[in-house]
Amino acid sequence: MTWSDVFLNTLKENGVRLVTYVPDNVLTPLLDGVAADNYFMPVCATREDEAVGMAAGAWMGGLRGCVMMQTSGFGTIPNAIASLLVPYQIPAILIVSERGALGEFNSGQVMVARTMRPVLDALAMAHHTLTDEKTMPFIADRAIKQAVATQSPVALILSPLLTGGKVLKNAP
Amino acid sequence: MMNRGDLTKRLVAKLTHDEAVVAGIGNTNFDLYVAGHRPQNFYMLGSMGLACPIALGVALAQPERGVIALEGDGSILMNLGCLGTIAQIKPRNLTIIIMDNGTYQITGNQPTATKETSDIVKIAQGAGIGGSVWARDEKHFDELIARRFEYGGPSLIAAKIDDKPAAGQTVRDPALIRSRFMRGLGTGRGGALDA
Ligand SMILES: Cc1ncc(C[n+]2csc(CCOP(=O)(O)OP(=O)(O)O)c2C)c(N)n1
């Protein structure tokens, strides 16, 4: 099984059905897997904070949801985390494909990536970086279970070590 | 011109099936609170612009329940893309109500784009929400609320309202608001503490 199959299985085992997202290249196998499986309800949002709002509403309505985004998408949601997920105690699962590290070719991505972990830490929000297929299912599974049990959002950061990341073809 | 508090009371009076109401930041949720708390009310104390996405999430989770998003013009202008998302998904059970006073009233009455220029109903129609209409007056608003499921898709009702501020303020306890809302939707944790 590929890393994306294993990851989607973990979501399934934890009853995470709604997948809201703004596309990202590295997320493609996850998004394709979600689209090909009737278990999931994929919804493409126009902004990541919109996707966060949807996942929050779905949770309150009894449907577990996650939000998939790239690092720059994370840059658009600190307000939604700080004024919705955290104070209202909503365990949304945020899945971030990590750009800006390990061979990044776009300096804008590098800058915004530097804001991600400090923001998560400032909000005292749990976050885990998934780096290899062996430990990934355990970490993802336990992180989701803890989020739900403690009614707190969690971020799962998909490292290029796991996904391969995105590299510039024909680099100068 | 119509009045937000009055329209909100009219809306609440018509809700007889435990419909969920998600009300946006500021005056919009304050006037919902003032209209009389219901277990299915959700009051937003931040996250400007997310009333419609939150309501969409509830509508997806509970397709048999009517869900209403109450939002101000300034707030919907912040997140117009969500209208396209909603138009694509076509949740039959979702209704959006825009209280358009042409200002960011709660931050000091600064004019919004809808004051003289932008037309929210046309924007929503252009986004693909066919059932988008301006309420002409209170009676028409009542009719539109009663007929909101007739389009077979999501509907949007916008009303030009006066400049009266909300008549009170919501209790600012987000964890309590969320917990009570979930109880109202039948998704709360339940147990002895609920007694
Ligand atoms: C992201 C963000 N930007 C700005 C604000 C400040 N703010 C709070 S309410 C509001 C105006 C909301 O306008 P509208 O939705 O039209 O409601 P009204 O005040 O007119 O009732 C603004 C600008 C905020 N809370 N969050």
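Listed here are the residues, each with its yes/no results for (1) surrounded by fewer than 24 Cβ atoms within 10 Å (Cβ to Cβ); (2) touching a residue at least 60 places away in the same chain (Cβ under 8 Å).
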position	(1), (2)
B:5	yes, yes
B:46	yes, no
B:63	yes, no
B:74	no, no
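Look at residue A:1 and say whether it is modelled with pLDDT under 95 and either in a loop (DSSP other than H, G, I, E, B) or more than 16 Å from residue B:54 (Cα to Cα) (or both). Give the steps one after another, and end with the answer.
On the way: modelled with pLDDT under 95: yes; either in a loop (DSSP other than H, G, I, E, B) or more than 16 Å from residue B:54 (Cα to Cα) (or both): yes.
Here the answer is yes, as residue A:1 does meet what is asked.
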Considering only residues that are in contact with a strand residue (DSSP E or B) (Cβ under 9 Å, 6 or more places away or on another chain) and in a loop (DSSP other than H, G, I, E, B), look in the range A:132-172 and name the one that is surrounded by the most Cβ atoms within 10 Å (Cβ to Cβ). A:153
Would you call residue B:178 more than 16 Å from the ligand (Cβ to nearest atom), touching a residue at least 40 places away in the same chain (Cβ under 8 Å) and either within 21 Å of residue B:61 (Cα to Cα) or touching a Lys or Arg at 6+ places or on another chain (Cβ under 9 Å) (or both)? yes
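Would you confirm, using the coordinates I've provided, whether residue B:108 is under 27 Å from residue B:170 (Cβ atoms), within 14 Å of another protein chain (Cβ to nearest Cβ), surrounded by fewer than 20 Cβ atoms within 10 Å (Cβ to Cβ) and within 16 Å of the ligand (Cβ to nearest atom)?
On the way: under 27 Å from residue B:170 (Cβ atoms): yes; within 14 Å of another protein chain (Cβ to nearest Cβ): no; surrounded by fewer than 20 Cβ atoms within 10 Å (Cβ to Cβ): yes; within 16 Å of the ligand (Cβ to nearest atom): yes.
So residue B:108 fails the test.
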Which numbered condition residue A:82 fails, given (1) within 16 Å of residue A:148 (Cα to Cα); (2) within 14 Å of chain B (Cβ to nearest Cβ): (1)
What tally of residues in the range B:1-28 results from selecting those that are within 13 Å of the ligand (Cβ to nearest atom) and either hydroxyl-bearing (Ser, Thr, Tyr) or under 19 Å from residue A:61 (Cα atoms) (or both)? 4
From the residues in the range B:155-172 that are within 13 Å of the ligand (Cβ to nearest atom) and of a type in the set (A, V, I, L, M), which one is farthest from residue B:89 (Cα to Cα)? B:167
Residue A:111 vs (1) in a loop (DSSP other than H, G, I, E, B); (2) more than 28 Å from residue A:14 (Cα to Cα); (3) not acidic (Asp, Glu): all pass except (1)
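Of everything in the range B:135-175, what is assigned to a helix (DSSP H, G or I), of a type outside the set (A, V, I, L, M), touching a residue at least 24 places away in the same chain (Cβ under 8 Å) and out of contact with any strand residue (DSSP E or B) (no Cβ under 9 Å at 6 or more places or on another chain)? Give them in sequence order. Show your work before the answer.
Let us first name the residues in the range B:135-175 that are assigned to a helix (DSSP H, G or I), namely B:138-146, B:174-175.
Imposing the further condition that a residue be of a type outside the set (A, V, I, L, M) reduces the set to B:138-143, B:174.
Cutting the leftovers down to touching a residue at least 24 places away in the same chain (Cβ under 8 Å) gives us B:138, B:141-142, B:174.
Listed by number, the list holds a single entry, B:142.
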Output for the range B:29-43, where each listed residue is more than 10 Å from the ligand (Cβ to nearest atom), under 12 Å from the mean Cα position of the chain (by Cα) and within 14 Å of chain A (Cβ to nearest Cβ): B:41, B:42, B:43
Just checking, does the range A:61-74 include any residue being outside any helix (DSSP H, G or I), surrounded by fewer than 23 Cβ atoms within 10 Å (Cβ to Cβ), without any contact (Cβ under 8 Å) to a residue 12 or more places away in the chain and more than 14 Å from chain B (Cβ to nearest Cβ)? no
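Name the residue, out of A:52, A:26, A:96, that is buried (at least 24 other Cβ atoms within 10 Å of the Cβ), out of contact with any Phe, Trp or Tyr (no Cβ under 9 Å at 6 or more places or on another chain) and either more than 7 Å from every other protein chain (Cβ to nearest Cβ) or in a helix (DSSP H, G or I) (or both).
Numbers: A:26 fails: buried (at least 24 other Cβ atoms within 10 Å of the Cβ); A:96 fails: out of contact with any Phe, Trp or Tyr (no Cβ under 9 Å at 6 or more places or on another chain).
The conditions single out A:52.
The values are calculated or read from the model by the stated rules, or taken from the named source; none is laboratory data. Since we're looking at a predicted model, the values are computed, not measured. Using ideal geometry, Cβ is built from the backbone for each residue, glycine included, and neighbour counts are taken over all protein chains shown.
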